[in-house]
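Heads up: the structure comes next, in structure tokens.
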Amino acid sequence: MIDLYFSPTPNGLKIRLFLEETGLPYRLVPVRLSAGEQFAPAFLSISPNNKIPAIVDHAPLHGETPLPVFESGAILLYLAEKSDQLLPADGRARVEATQWLFWQVAGLGPMAGQAGYFRVYASEPQSAAIERYTREVSRLYGVLDRRLEGRDFIAGGAYSIADLACYPWVVPHAAHGQTLSAFPNVERWFERIKQRPATQRVYDSVEDVYTKKQDLSAEARQVLFHQGTAPAAR
């Protein structure tokens, strides 16, 4: 059994997509980010960076004691190697999958996250930041669009952790200031993954995190976006 410490953000959804695709047994452990549960000592012992997702594998590849793993890219690589699924065995295709996974972790995710913050959640509009990050996300969509020219999937000719990593960050494309029709190869790829049964199971009850701006209290906003310290004890 794998415990998945989860909130339905793009990074959290990556791991749930993997688990649904592969059929590995798992248990969801919700982490309420707006309530500051990511700062709880028990969670920090699993994820020292106080971020979701994180997992605890109770039947790990190495050793007998439960193994905690944090950071979404590391989790995807670990689970792919553990299950021998969604990571090409061929050396060249394997390198392709891992480099596009790292591309998402280092580029698409952080830039889209910044675009989403400044376009939706920032307390006051900051036009320079909105322009900068929206433009950079557009550039990254262009990189992905060129990669998908003549390909069904990002790496190795088959669905892999590279696709799993990128898809949840393309789901909120409108909130990030992007129009999929401007990137026809990305749009085609996106619709193909959207129809997968595992994708539909994962997203069936997921609320778009970019619709919640008006619901955030001042305290929740402080916890989510100014995370230097945990919320004060009461």
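The values are calculated or read from the model by the stated rules, or taken from the named source; none is laboratory data. Everything numeric here is computed off the predicted structure, so don't read it as measured data. Backbone-built Cβ (ideal geometry, glycine too); neighbour counts: all protein chains shown. Keep in mind that these areas ignore ligands, DNA and RNA; they rest on the heavy atoms of the full protein, side chains included. Shrake-Rupley method; radii C 1.70, N 1.55, O 1.52, S 1.80 Å.
Consider the stretch 48-82. How many of its residues are assigned to a strand (DSSP E or B) and either modelled with pLDDT under 95 or open to solvent by 80 Å² or more (accessible area, probe 1.4 Å) (or both)?
Applying the first criterion (assigned to a strand (DSSP E or B)) to the stretch 48-82 yields 54-57, 67-70.
Adding the requirement that they be either modelled with pLDDT under 95 or open to solvent by 80 Å² or more (accessible area, probe 1.4 Å) (or both) leaves none.
The number of residues fulfilling the criteria is 0.
Can you name the residue in the stretch 184-234 that is at pLDDT 80 or above and hydroxyl-bearing (Ser, Thr, Tyr) and, of all such residues, is farthest from Val171 (Cα to Cα)?
For the stretch 184-234, the residue satisfying everything is Ser205.
When the residues of the stretch 115-132 are filtered to those that are touching a Lys or Arg at 6+ places or on another chain (Cβ under 8 Å) and part of a helix (DSSP H, G or I), which remaining residue is farthest from Phe183 (Cα to Cα)?
So the first thing to find is which residues in the stretch 115-132 are touching a Lys or Arg at 6+ places or on another chain (Cβ under 8 Å), and the list is 120-121, 123, 130.
Filter once more, keeping what is part of a helix (DSSP H, G or I): 120-121, 130.
Numbers: Val120: 23, Tyr121: 26, Ile130: 20 Å.
Result: Tyr121.
A quick yes/no check of all residues on (1) open to solvent by 30 Å² or more (accessible area, probe 1.4 Å); (2) touching a Lys or Arg at 6+ places or on another chain (Cβ under 8 Å); (3) at positive phi:
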{"residue": "Arg135", "(1), (2), (3)": "yes, no, no"}
{"residue": "Leu140", "(1), (2), (3)": "no, no, no"}
{"residue": "Gly156", "(1), (2), (3)": "yes, yes, yes"}
{"residue": "Ala165", "(1), (2), (3)": "no, yes, no"}
{"residue": "Pro172", "(1), (2), (3)": "no, no, no"}
{"residue": "Ala182", "(1), (2), (3)": "yes, no, no"}
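Any residue at all in the stretch 162-182 that is hydroxyl-bearing (Ser, Thr, Tyr), in contact with an Asp or Glu (Cβ under 7 Å, 6 or more places away or on another chain) and without any contact (Cβ under 8 Å) to a residue 12 or more places away in the chain?
Yes, there is a match, as at least one residue in the stretch 162-182 is hydroxyl-bearing (Ser, Thr, Tyr), in contact with an Asp or Glu (Cβ under 7 Å, 6 or more places away or on another chain) and without any contact (Cβ under 8 Å) to a residue 12 or more places away in the chain.
Which of the residues spanning the stretch 121-133 are closer than 21 Å to Pro8 by Cα and open to solvent by 20 Å² or more (accessible area, probe 1.4 Å)? It would help to see each step written out before you state the result.
Going through the stretch 121-133, the residues closer than 21 Å to Pro8 by Cα turn out to be 121-122.
Selection gives Tyr121 alone.
So in the stretch 88-102, with the set limited to residues that are at pLDDT 95 or above and either in contact with a Ser or Thr (Cβ under 6 Å, 6 or more places away or on another chain) or open to solvent by 50 Å² or more (accessible area, probe 1.4 Å) (or both), which one is nearest to Ala198 (Cα to Cα)?
Among them, the one singled out is Ala97.
If Arg151 passes every condition in (1) surrounded by fewer than 14 Cβ atoms within 10 Å (Cβ to Cβ); (2) not in a loop (DSSP other than H, G, I, E, B) but one, which one does it miss?
(2) is the only condition that Arg151 fails.
Taking the stated definitions as given, is Pro110 part of a helix (DSSP H, G or I), more than 24 Å from Arg188 (Cβ to Cβ) and not hydrophobic (A, V, I, L, M, F, W, C)?
Values: part of a helix (DSSP H, G or I): yes; more than 24 Å from Arg188 (Cβ to Cβ): yes; not hydrophobic (A, V, I, L, M, F, W, C): yes.
Criteria met by Pro110.
Looking at the stretch 16-73, which of its residues are of a type in the set (A, V, I, L, M, F, W, C) and closer than 23 Å to Ala97 by Cα? Reasoning before the result, please.
Step one: filter the stretch 16-73 for residues of a type in the set (A, V, I, L, M, F, W, C), giving 17-19, 24, 28-29, 31, 33, 35, 39-40, 42-44, 46, 52, 54-56, 59, 61, 67, 69-70.
Leu17, Phe18, Leu19, Leu24, Ile52, Ala54, Ile55, Leu61, Val69, Phe70, listed by residue number.
Among the residues of the stretch 1-34, write down those that are open to solvent by 50 Å² or more (accessible area, probe 1.4 Å) and either in a loop (DSSP other than H, G, I, E, B) or modelled with pLDDT under 95 (or both).
Met1, Gly23, Pro25, Arg32, Ser34
Could you give every pair whose Cβ atoms fall below 6 Å, whose first residue belongs to the stretch 65-77 and is touching a residue at least 12 places away in the same chain (Cβ under 8 Å), and whose second residue is open to solvent by 50 Å² or more (accessible area, probe 1.4 Å), counting only separations of at least 6 or pairs across chains?
Pairs that qualify, where the first residue is touching a residue at least 12 places away in the same chain (Cβ under 8 Å) and the partner is open to solvent by 50 Å² or more (accessible area, probe 1.4 Å), are Gly73/Val105.
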